[in-house]
Amino acid sequence: MKVFKDRYLPNEIRDAYLFLLPMLLFAVVFILLPVLGTLVTSLFREVTFLPSRFSGLDNYLRLMTDRHFWQSVRFTLLFVGVSVATELVIGMVLALILNESIPGRGFVRVAVLVPWAIPIAVSARMWEMIFNFDYGVVNFVALRLGLADGPINWLGSATGAFGAIVISDVWKTTPFMTIILLAGLAAIPQDLYKQAMVDGTTFIQRFFYVTLPLLRPVLVVALLFRTIDAVRIFDLIYVLTGGGPGGGTTSLSLYAFKYYISGDFGYGSAISLVVFLVAGLLAVFYVRFTGLREAVK
Amino acid sequence: MKSTILYILVMLAILLTGCADHEKKLTFWIGGAPQEVDYWETLVGEFERTFGITVDLIRQPSSTDQRKQGLVISLEAEQPDPDVFLMDIVWLQQFFQSGWLQPLDPFFEATGFSIAPFFKDVVDAVDRFEEHYYALPVFLDIGVLYYRKDLLKQYGFSGPPRTWRELVRQAHDVQAGERNHNPGFNGFLWQGAQYEGLVCTFLEFTASNGGGIIQDGHVRLNRSVNDVALEFMRALIRKYDISPLNTYTDMREEEVRRAFQRGDALFERNWLYAWNLHQKDGSAVEGKIGMTALPQFEEGQSVAALGGWHIGMSRYSDMPAKAWELVRFILSHASQKKLVLNLGWYPGRSDIYTDPEVLKKMPYAGLLQKTFSRAVTRPNLPYYDQVSDVIQRTVNGCLAGKQPPAAALGRMQSEIDHIEDIYAR
Amino acid sequence: MREERVKKILKATGVVFLLLFCLLPFVWVVLVSLAKEPDFLLPQVAFDVTFDNYSDVLISGSLHLLDYLRNSLVVSAVAALAATLFASLAAYAITRLTFPGRLLIPLLLLAFSMFPQISIVGYLFKMMIGLGWINTYAGLIFPYITLAMPLALWIMLSYFSEISTELDRAALVDGATRIQILHKIILPLAAPGALSATLLVFIYSFNEFLFAMMLTTDYRARTIPVGIAFFEGLHGQIPWGHLMAVAVISVVPVILLAAVFQRKIIRGLLQGAIKG
C-alpha cells in the first residue's frame, strides 16, 4: 500500500476513472456481461419449447459427439488457413511491387478502400451474382476461354462453394492487408537495402534477411487480426451460401446461430463459447510464439 | 462542460426518436411469390375497407427459412408485431410449444366462427396442442403425380400408373422412344436434392409401401418396408435409369417443374401449385397433362405428403380482438374462395370444394378433397428441423450412393433417437 | 538501368492488377444495375441501359429501402459521434494521467473487440428484450458504440500521445479544468484523428450485420445490410437488376465517405493496426 500511495495521486486516479467511465461501463455492460451470460446459458438446457433446467456440461458433451459440429470446426479451420494465407501472399506481393511512389495516388487509395468499405452483406450478394450458374460472369468467362466444359455449379457444390467463399473473402480483405504491409515496408530504412545490395545479395535474399525480420511486428499484428476475424466469420457465409450446400460451408458462428433460431439457446451458447475459445487460443498462440510481446513493449 | 452536455442531449434526442412509441398497428406478415403477395394486398385492402381497421402488410423474403427466422426472433422477443402471420406446417409444433401463439378457440364462440367446415383430420393432426387450436390452414398442399396424357396415349398406355412398377414400365418405354429426338428427356422427375422437400418425397415413397417416418407416435425408420422404398428411390436413378443423375444434386420444386414444363419428362412428382403454371399460355405442355394420386407399392396404399401454410395470432399481440377479425376474414368462405380462384390454392375448408365455380376452374378439386384426409404428415415435433436435417442429409447421401439403404435407415434412427433424448421433457 | 525498367513495368502491372482486382467486381455490379437484362454478356441479348431498376426499388414502398437507409445513417452517425467522444475521454486519461490500469485497460479493450460477435449476440438479445430495446435505434447504437470503441480508442491514443503535455501543464497552471483542456486544446489539435475515428466507426456500424439481424424485426429499425441480405424478388429467381441497384444505393454513403476522406481513413486504419 505504501508503494501504491507513492506512485499514484488519489485525485488523478479519481479523474482518470471518471474519464474512463463511459467506455468501461459500455464495455462491461455490452460485451463482458453478454459473454458471461452466454457462458451461463451454455450450462443450462435452455430451449424455447421446454422448461429450463440446469444441465451442467451436457451441452458440451453433446458437442463432442456431434458430427455436424466437427464438420463446422474442420470447415472453419480450413477456411481460416486458406483465406489468411492467400491474403498474406497476395498482399505481400502487391505491397512489394507498390513499395514506392504510386502515380495517381489518391485514386488508387480510393480504389483500394472500395472492397473494405462495402458492407459484407452487399459484397456477398455481388459475388452471389458473379458466381451464379446462369448469369454469372465467372462461368461466362470460363466458358469463353475454354477453361471449363460446362457452367460450373459454384454455389451448389461443396468445393465450388468453398472456393467462392475464399475468393470473396480474399477480395474484401487483401487490399487492407496490402496497405498495412505497405506501411510496414515504408518504415524499413532504405539504407539497409543499399548496404545489402552493395554486399551483393539477390532480391530473394534481401527479402528473407532484411525485409521479413523487420516487417515481423506489423506482419504478426495483421495476421492476428485477420485470423481472429476469419475464425468468427458469419456475414459472408450466411448471405452467400447460407451454410450450404448441405451444411458443407457452415462456419462455427453460423452453426451456433442456427441453433439459436431452432430455439435451443443452450446449445447455441455452447457453440458460441467454443468459437470464443478457438479465437482466444489462437490469440494466445500468436502472442506466445511470435514474439508479439516484445513487439508491444 | 457545456458542449459535452450538448453532445449528450443531442444524442439522447436522436435515440429517443428512434424508440418513439410504436403506434399500435395491426401487422400482418406474409411472404411468397410476387403474385401471392399482390393478391394478399388486394384481399387485405378489402378487409380494411369492410372493417375500417388499418393493416400494415409486411413482406418477408420468400425463402421459407428466412421467414421462419424473422418470426422466431420477433416472437422470442415478445414483440407486439406481427399480430397475424403465416406459418409453414412443419413449424407449428415448435411455435405452439414455445408458447408464442394465441389459442384461437376462445374466439370461436364469441364471434360465431365454426371450425366444422375445415378438414377435421388435418386440423386435429397439426393445428392442435393440449386441447386448444392455435392455428388454422390457409391452404393445404399435397404431393401429386403429373403426367403427359398425350405421350401415354401415343405409346399405347391406357392411363396413368397405379403402382410404382407400372410407372417404371411406362416411363422406361416412353423415355426410350422420346430420347431418339430429345436426348434430355427423362421418365420421372422428383425432388431429391438435400433440402426439406426431400423429406416429403422420402415420406411419400416409404408410406406408399406401408412404412413411413412415424409409427405409434415415435420416429421408427428402420423397418424393412422403408428399406424397400428407399432402395427403390435409389434404383430410379441408378438401376432403372428413369430419373436423371442430378436428381439428388439439383432437383427441387422449380427445377422439376421447369423441366416438365419444357416437355422433357413424362411424369413429375410435385405440389399442387405446378398445375396452374403448366396450364398457362406459352407452356409447352398446356392442355397435355393430367394430375393423379401418387402410385403405391403393391402391398401399400397411395399417399401424399401434406404441406401448406397456416395462419395464427401472436400471443404478444397488442390488439388480439382486431387480429382475430383479420384471421376470421381470411378464413371465411368468401375470402378462401377468392384465394382459390385467384391463386389456385387448395383451401383447408372442405365446403369450398363443392362450389360449382371452383369446380369449373379446378377440375381436380373433387379428387383432392378425398386425398387431403388421407395425407401423411411429417413428424409433429417442436424440434422437427433437426430431425429433418438428419433425414435430408442421410437420404440424400444414400441416393448419392454413399450408403446402402439399410445402413442409412439405421443411422438416421440412432441419430434421431439421440435428438429425442436431448429434448425429452 | 535494366533493373529500373523491369521495376517500373512490374510496378505499373502491379498497380493495374490492384485497380482491376478492387474495382472490377463493383463495376460489374453497376453495369448490371443499369441493364434491362442481366445476361447481356450473351451475344443475343442486347445491353439496354435503363434506370428503371433504380426507380423501381426506390419507389416501392413495400421494399422499405429508404427506411433502411435512414436507419443505417442515423444509427451509424450517432454511434460514431458517441464512440469518438468516449474514446477521446479515455485517451485523454490514458495519455495524461497516471493511474493503475493505464496500460492494461487499452489492451483489455482491444481484447474485447476481438470477441466473436456470436458469443455476445445470444445473451445480448435477451438483455435487449428485457430493456425493451428490440427493433429500436438504441438497441443498435449502444452495442455498436461498444464494439467500435477500441478502434476509436487506439486512433485517439496515437494522436493524443503526439501532443506535448507541456500544453496541459501550462493550462493547469492557468487554472483550467481537465475537461476544458481536453475540449479546447487537445481535441482541436487532434481533430484529424477525431475525424478518422468518427469515420471508421461510422463505416463499421453501417456495415454491421449479425447484431442488426438479430436485434431488429422490421423496417422501423432494420439497417441496409440486413435489408439487402433479405432482398428477394421472384420465387426462386432473383431480379439481379433490382438487387444490384439496391447494392449500389446501399454503398453510396460509404463510398462517398471513402472517396472524400481516403487519406484520413487510411491513416486511421494504419494507426489502429501499427500502433496496436
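What follows draws every value from the coordinates through simple rules; no lab data is involved. Owing to the predicted nature of the structure, the values given are computational and were not obtained by experimental measurement. Ideal geometry is used to build each Cβ from the backbone, glycine not excepted, and the neighbour counts take in all protein chains shown.
Annotation: the antiparallel percentage among DSSP beta bridges lying fully within the protein assembly as shown is about 70. Quick check: the angle from helix B:164-178's long axis to the longest principal axis of chain B, C-alpha only, nearest 10 degrees? The angle comes out at about 80 degrees.
Considering only A:Ala16, A:Ala117, A:Ala187, the mean-square fluctuation computed in a Gaussian network model of chain A, springs between alpha carbons under 10 angstrom, is largest for A:Ala16.
Comparing Cα centroids, region C:83-154 and region A:169-185 end up 26 angstrom apart. With Cα atoms defining each centre, region B:307-378 and region B:236-306 are spaced 24 Å apart in the structure. Per residue of C:27-38, other chain Cβ atoms within 10 Å of the residue Cβ number 2 on average. Take each residue in A:270-278, count the other chain C-beta atoms within 10 Å of its C-beta, and the mean is 4. Karplus-based coupling profile of region B:34-48, in residue order and whole Hz: x, 5, 5, 4, 4, 5, 4, 4, 4, 4, 5, x, 5, 4, 4, with θ = phi - 60° in 6.51 cos²θ - 1.76 cosθ + 1.60 and x standing for Gly or Pro. Helical runs assigned H by DSSP (4 residues or longer) give chain C a calculated mean residue ellipticity at 222 nm of -22500 deg cm²/dmol, each run adding -39500 (n - 2.57) before division by the residue total. Here the simple spin-label model places points 7 Å from the Cα toward Cβ, and for C:Ser60 and A:Arg216 these points are separated by 5.6 nm. What residue among B:Asp385, B:Asp141, B:Asp83 shows peak mean-square fluctuation when chain B is described by a Gaussian network model with Cα springs under 10 Å? Top of the fluctuation ranking is B:Asp385. Residues A:Thr65, C:Thr217, C:Thr165 in ascending order of nearby Cβ atoms (within 10 Å, fewest first): A:Thr65, C:Thr165, C:Thr217. Among C:Asp48, B:Asp88, sorting on how many other beta-carbon atoms sit within 10 Å of each Cβ, with the fewest leading, yields C:Asp48, B:Asp88. To the nearest ten degrees, helix B:196-207 and the longest principal axis of the Cα atoms of chain B are 50 degrees apart. I want to verify the translational diffusion coefficient of region A:177-297 in µm²/s; compute it with Stokes-Einstein, Rh as the Kirkwood radius over Cα pairs, at 25 °C and 0.890 mPa s. Using the Kirkwood radius from Cα pairs, D works out to 141 µm²/s. For region C:61-275, the Cα gyration tensor yields ellipsoid semi-axes of 37, 19, 14 Å (square root of five times each eigenvalue, largest first, whole Å). Inter-chain Cβ neighbour count for C:133-145, averaged per residue, equals 5 (cutoff 10 Å, partner chain atoms only). Label positions at B:Gln279 and A:Lys194, each projected 7 Å from the Cα along the C-beta direction, are separated by 8.8 nm. For B:Thr50, the shell of other residues with beta-carbons less than 12 Å away shows a net charge of -1, using +1 for Lys and Arg and -1 for Asp and Glu. Once the Cα atoms are used to define both axes, helix C:137-160 deviates from the longest principal axis of chain C by about 60 degrees.
Taking the alpha carbon gyration tensor of region B:168-314, multiplying each eigenvalue by 5 and rooting it gives semi-axes of 27, 21, 13 Å, largest first. Each of A:Ile90, C:Ile203 was scored by other Cβ atoms within 10 Å of its Cβ. Arranged with the fewest first, they read A:Ile90, C:Ile203. Springs join every pair of Cα atoms under 10 Å in this Gaussian network model of chain C, and among C:Ser158, C:Ser62, C:Ser33 the largest mean-square fluctuation is at C:Ser62. Computed with the Debye formula from one identical point scatterer per Cα of region A:91-209, without solvent, the log10 of I(q)/I(0) at q = 0.14, 0.17, 0.20 Å⁻¹ comes to -0.78, -0.93, -1.07.
In chain B, the DSSP-assigned H stretches of four residues or longer account for a calculated mean residue ellipticity at 222 nm of -14500 deg cm²/dmol, using -39500 (n - 2.57) per stretch and the full residue count as denominator.
Against the compact-protein benchmark of 2.2 N^0.38 Å, the Cα-based radius of gyration of chain A scales to 1.25. In the frame of its principal axes, chain B has Cα extents of 86, 51, 48 Å, reported largest first. Calculated FRET efficiency, A:Phe285 to A:Leu33, Cβ-Cβ distance, R0 = 25 Å: about 0.40 to the nearest 0.05. Considering every alpha-carbon pair of the protein assembly as shown, the percent of pairs per 10 Å bin, from zero through the bin containing the longest distance, is 2, 10, 18, 22, 20, 13, 8, 4, 2, 0, 0.
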